[in-house]
Amino acid sequence: MTVRVQSEDFDVSTEIAALRRGNPKIGAVASFIGVVRDVNEGDAVAEMTLEHYPGMTEKAIEEIIGQARGRWSLYEALVIHRVGKLRPTDQIVLVVVTSAHRGDAFAACEFIMDYLKTRAPFWKKERAGGGARWVEARETDDIAAERWRLKG
């Protein structure tokens, strides 16, 4: 299990190759890449700034991965989340999960991402045409995370 919160960009191919290296039991790799959009809530977004609490954020992400490992049969999980100033098309987050089977890998990857959006301590500020604003949590993210609670 690897968690990194960093300002630097990441190379998806390099990260996935490192996670898979040397394990012939891996039959599935599921990944998600979050990217900065140029529009949010109808406003053009010029820049986004992500903030976090060092130490606390990594611990929260480790706990999320631990929950995923308790629900599905996984070999490895990787979460890289960027912080600092980002622009449209920049990568924000990478979640990669390896497993023997695709069902476990897909479900765990989606679970981790849903919980990252709702339970990891990140704060997002967007700079748009009308100035800067803090981005509130979305009800749709809460609904997505809630469905995992209902599944036990």
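The values are calculated or read from the model by the stated rules, or taken from the named source; none is laboratory data. Treat the numbers as computed from the prediction; the structure is a model and nothing was measured. Cβ atoms come from the backbone with ideal geometry, glycine included; neighbour counts cover every protein chain shown. In case anyone asks, the SASA skips ligands and DNA or RNA and just uses the protein heavy atoms, side chains included. Shrake-Rupley method; radii C 1.70, N 1.55, O 1.52, S 1.80 Å.
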Query - residue 13 accessible area, assembled protein chains, probe 1.4 Å, Å² - result: 90 Å²
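Using the Kirkwood radius over C-alpha pairs as Rh, can you work out the diffusion coefficient of region 51-140 via Stokes-Einstein at 37 °C, viscosity 0.692 mPa s, in µm² per second?
For the chosen part, D equals 228 µm²/s.
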Requested in this report: Under a 10 Å cutoff between Cα atoms, tell me which one of 94, 78, 86 has the largest fluctuation in the Gaussian network model of the chain.
Outcome: 86
**Report entry** Mean Cα-pair separation over length for the chain, i.e. relative contact order, pairs under 8 Å, 6 or more apart, %
**Finding:** 32 percent
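Only Cα pairs under 8 Å and at least 6 apart count here; give the relative contact order of region 87-142 as a rounded whole percent. Provide the component values of the computation, followed by the final result.
Numbers: 28 pairs, mean separation 12.4, N = 56.
Normalised by residue count, the contact order of region 87-142 is 22 percent.
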Report task. Report the calculated FRET efficiency for residue 139 and residue 6 (r = Cβ-Cβ distance, R0 = 35 Å), to the nearest 0.05. Result -> 0.75
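Just the number please: accessible area per residue for region 1-67, 1.4 Å probe, all protein chains included, in Å². Provide the component values of the computation, followed by the final result.
On the way: 4000 Å² over 67 residues.
Per-residue value: 60 Å².
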Query raised in the report: For region 58-152, which whole-number percentage of the solvent-accessible area (1.4 Å probe, protein heavy atoms only) is attributable to carbon and sulfur atoms?
Result: 49 percent
Report summary line: Once both label points are put 7 Å beyond Cα along the C-beta direction, the residue 101-residue 125 separation in nm becomes 4.7 nm
Query raised in the report: Using only the Cα atoms, what convex hull volume per residue in Å³ does the chain have?
Result: 106 Å³
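Suppose accessible area is computed on protein heavy atoms with a 1.4 Å probe; arrange 81, 101 from highest to lowest.
Numbers: 81 15, 101 125 Å².
In descending accessible area the options line up as 101, 81.
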Report task. Just tell me, in residue order, which DSSP H segments of the chain are both 15 angstrom or longer along the helix axis (alpha-carbon based) and at least -0.5 in mean Kyte-Doolittle hydropathy. Result -> 102-119
Query raised in the report: Between residue 20 and residue 89, what is the label-to-label distance in nm when each label sits 7 Å out along the Cα-to-Cβ direction?
Result: 2.7 nm
Query raised in the report: In the chain, what is the count of Lys pairs whose alpha carbons are under 20 Å apart, counting only pairs at least 8 residues apart or on separate chains?
Result: 7
**Report entry** Gaussian network model of the chain, Cα within-10 Å springs - most flexible of 53, 115, 75
**Finding:** 53
